[in-house]
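Peer 1: Input: one structure, supplied below.
Bear in mind these aren't lab numbers, they're just calculated from the coordinates by the rules spelled out. From a predicted model like this one, the values you see are computed outputs, not experimental measurements. No Cβ is skipped: glycine too gets one built from the backbone with ideal geometry, and neighbour counts run over all protein chains shown.
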Amino acid sequence: MRTQVAIIGGGPSGLLLSQLLHQRGIDSVVLERKTREYVLGRIRAGVLEVGFVNLMREAGVAERMDRECFIHDGTVISRDNLSFGINFKELTGSHVVVYGQTEVTRDLYDAREAAGGKIVYEVDGVEIHGADGDAPYVTYHKDGAEQRIDCDFVAGCDGFHGVSRQSIPLSVRREYEKLYPFGWLGILSETPPVNDELIYASSERGFALCSMRNENLSRYYIQCSLSDSPEDWTDAAFWEELKRRIPEEAAERLVTGPSVEKSIAPLRSFVTEPMRWGRLFLCGDAAHIVPPTGAKGLNTAASDIHYLYHGLVQHYQDGEDEGIERYSERALARIWKAERFSWWMTTLLHRFPDQSAFDLRIQAAEVAFLRENRAAQTVLAENYVGLPY
Ligand code: FAD
Ligand code: DHB
């Protein structure tokens, strides 16, 4: 088989790139290790930057999102029962959009399938060859038989555990990592959200987040120990703990119910450099991870796709390679700012096992300063709604 762009990974990054390229007449094939149902079963991000929404529009897949999403003009932050709002609209003129990653991915799959796009599911043994030369190709196994795709470029959109990053030689690759000494236990429940804006809550028992997907689907998270497993937490224990961490008036209003999903995610900051090696480009979680505080994971994946898509369009339409040559530099410049913001939000709002009494006072002072100071709020708001591409 031959295509212009071989895309490894059928998560949001790979599908969005494939759909955008299709709109410009550029052919691609997506190779996905799992089934479509498996990918759609993963509950992940829920908050989208306007830049992401605009890319979905450019890809021609925003119709249902524009109809069903929720615009959030601000968010609530609380510490020890004292809460205050950050008004994105007033501070930046912008907002964020609540629409789940599951729905984004479903819309992209539907669009690719409607356009006759090539997605090969349940592949294994994917290998990238000749990325540093002029004729790269990808091999993989499907139903026991080895297959080969010849291509012009390879987009590595295969997440943190994929093969693409590992295909860049260690002599070229540099990795930067920070692990946090806790995780997030998340549940999804078919209950009305406790608040019409998200609540990021810092308490002496640890961090909690109240989020949502729609009027009758709520997403809640609590900071937990890395040694916990979801089975350790009954629904009743989860709700009790959540109520102790969020402002009292929210705890009183909270509607509880059975969880329909429960999972634990470790928190990590990670960046690999460079994001391009010859004709191989890394995008999204394949290249970088942020801790989820600040909702930047999926949004940083989208900005990579923006830079790569424009670079590839420039190559095919204008015969100009400046965009692909500077892909890594441009993507990383934005990524590191999102890394900084996510690290800062995480540090501001979580309890760390080794925090001293001094550290706690400093953390409390920083939240108090944010509550009182418009300039500090503006910095948070500008980062939260998304820095320009
Ligand atoms: P992925 O979504 O990981 O997609 C990669 C795809 O590649 C997968 O479908 C995978 O099956 C496939 N793949 C992997 N290896 C191979 C291979 N060898 N061959 C072929 N295919 C392969 N972000 C937020 O903003 N908010 C959140 O609340 C949030 N929660 C998260 C919870 C968890 C448990 C995780 C892991 C991430 C979370 N994120 C969150 C981050 C966000 O979901 C990711 O940033 C986003 O999914 C990145 O998209 P991606 O397409 O780059 O990678
Ligand atoms: C969600 C997750 C986040 O990490 C975040 O900061 C905001 C919302 C969510 O899953 O809804």
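Peer 1: Given a cut-off of under 8 Å on Cα pairs at least six residues apart, what relative contact order in percent is computed for the range 286-364? Each step should come with its number before you reach the end.
Peer 2: Numbers: 51 pairs, mean separation 28.8, N = 79.
Dividing the mean separation by the residue count of the range 286-364 yields 37 percent.
Peer 1: What do you get for trypsin sites (Lys or Arg not before Pro) in the range 42-72 restricted to DSSP loop and a cutoff of at most 14 other Cβ within 10 Å of the site's Cβ? Before the final figure, lay out the partial values.
Peer 2: Working: sites: Arg42, Arg44, Arg57, Arg64, Arg67; in loops: Arg42, Arg44.
Sites meeting the loop and neighbour criteria: Arg42.
Peer 1: Sticking with this one: Excluding Pro181 itself, what net charge comes from residues whose Cβ is under 13 Å from its Cβ, given Lys and Arg +1 and Asp and Glu -1? Mind showing how you got there, number by number?
Peer 2: Values: positive: Lys178, Arg268, Arg351; negative: Asp228, Asp354.
With Lys, Arg at +1 and Asp, Glu at -1, the neighbours total +1.
Peer 1: By a straight-distance test (C-alpha under 20 Å), which lysines pair with Lys262 as possible cross-link partners, with residues fewer than eight away in the same chain excluded?
Peer 2: Hits, sequence-local ones excluded: Lys243.
Peer 1: P(r) of the range 1-128 in 10 Å steps, Cα pairs, percent per bin?
Peer 2: Going from the shortest bin to the longest, the percentages are 12, 37, 28, 14, 8, 1, 0.
Peer 1: Residue-wise, which Karplus ³J(HN,Hα) couplings in Hz belong to the range 81-89, taking 6.51 cos²θ - 1.76 cosθ + 1.60, θ = phi - 60°, and x for glycine or proline?
Peer 2: 6, 9, 10, 8, x, 10, 9, 4, 4
Peer 1: Under unit Cβ charges (Lys, Arg +1; Asp, Glu -1), what dipole magnitude, rounded to 20 debye, does the chain have relative to its Cα centre?
Peer 2: On the way: 42 positive and 57 negative charges, 83 e Å.
Here the chain has a charge dipole of around 400 debye.
Peer 1: Let me ask something additional. Show which aspartates and glutamates lie in cross-link reach of Lys296 when reach means a straight Cα distance below 15 angstrom and same-chain residues fewer than eight apart are skipped.
Peer 2: Glu49, Asp285, Asp304, Glu339, Glu382
Peer 1: Using only Cα positions of the range 213-310, each an equal point scatterer, no hydration layer, compute I(q)/I(0) via Debye at q = 0.24 Å⁻¹ and quote the log10 values to two decimals.
Peer 2: After summing over all Cα pairs, the log10 values are -1.30.
Peer 1: Could you go through the range 215-224 in sequence order and give the Karplus-derived ³J(HN,Hα) for each residue, using 6.51 cos²θ - 1.76 cosθ + 1.60 with θ = phi - 60°, rounded to whole Hz, and x for Gly and Pro?
Peer 2: 4, 10, 9, 10, 10, 10, 10, 10, 4, 9
Peer 1: Explain nothing, just the number: relative contact order of the range 76-221, from Cα pairs under 8 Å at least 6 residues apart, as a whole percent.
Peer 2: Values: 172 pairs, mean separation 30.7, N = 146.
Relative contact order of the range 76-221: 21 percent.
Peer 1: Above 29 Å lies some portion of the pair distances; for the chain, what is it as a whole percent of all C-alpha pairs?
Peer 2: On the way: 32657 of 75466 pairs.
That tail contains 43 percent of the Cα-Cα pairs.
Peer 1: Which is the longest run of the chain containing none of the GluC sites (Glu not before Pro) found in DSSP loop states (not H, G, I, E, B) with at most 14 other C-beta atoms within 10 Å?
Peer 2: Working: sites that count: Glu122, Glu190, Glu204, Glu215, Glu320.
Longest site-free region, per DSSP loop and neighbour criteria: 1-121.
Peer 1: Could you give each residue of the range 261-272 its phi-based ³J(HN,Hα) in whole Hz, using Karplus coefficients 6.51, -1.76, 1.60 with θ = phi - 60°, and x for Gly or Pro?
Peer 2: Ordered by residue, 3J(HN,Hα) equals 7, 8, 8, 10, 10, x, 9, 8, 10, 7, 9, 10 Hz.
Peer 1: What lysines does Lys118 reach when the alpha-carbon gap must be under 27 Å and sequence neighbours fewer than 8 apart in one chain are set aside?
Peer 2: Lys34, Lys142
Peer 1: Follow-up. Classify the range 1-70 as rounded, prolate or oblate, taking a ≥ b ≥ c as the square roots of the eigenvalues of its Cα gyration tensor: rounded when a/c is under 1.5, otherwise prolate if a/b is larger than b/c and oblate if not. Display every interim value, and only then the final one.
Peer 2: Numbers: a/c = 2.51, a/b = 1.28, b/c = 1.96.
Since a/c reaches 1.5 but b/c is at least a/b, the shape of the range 1-70 is classed as oblate.
Peer 1: Which Rg and Dmax, in Å, describe the Cα atoms of the range 191-268?
Peer 2: 11.9, 33
Peer 1: Given the C-alpha centroids of the range 12-65 and the range 258-298, what is the distance between them in whole angstrom?
Peer 2: Using only Cα atoms to place each centre, the spacing works out to 16 Å.
Peer 1: Also: Treat every Asp and Glu Cβ in the range 6-144 as -1 and every Lys and Arg Cβ as +1, leave all other atoms uncharged, and give the resulting dipole magnitude about the Cα centre to the nearest 20 debye. Walk me through the numbers before you get to the answer.
Peer 2: Values: 15 positive and 21 negative charges, 44 e Å.
It comes to approximately 220 debye.
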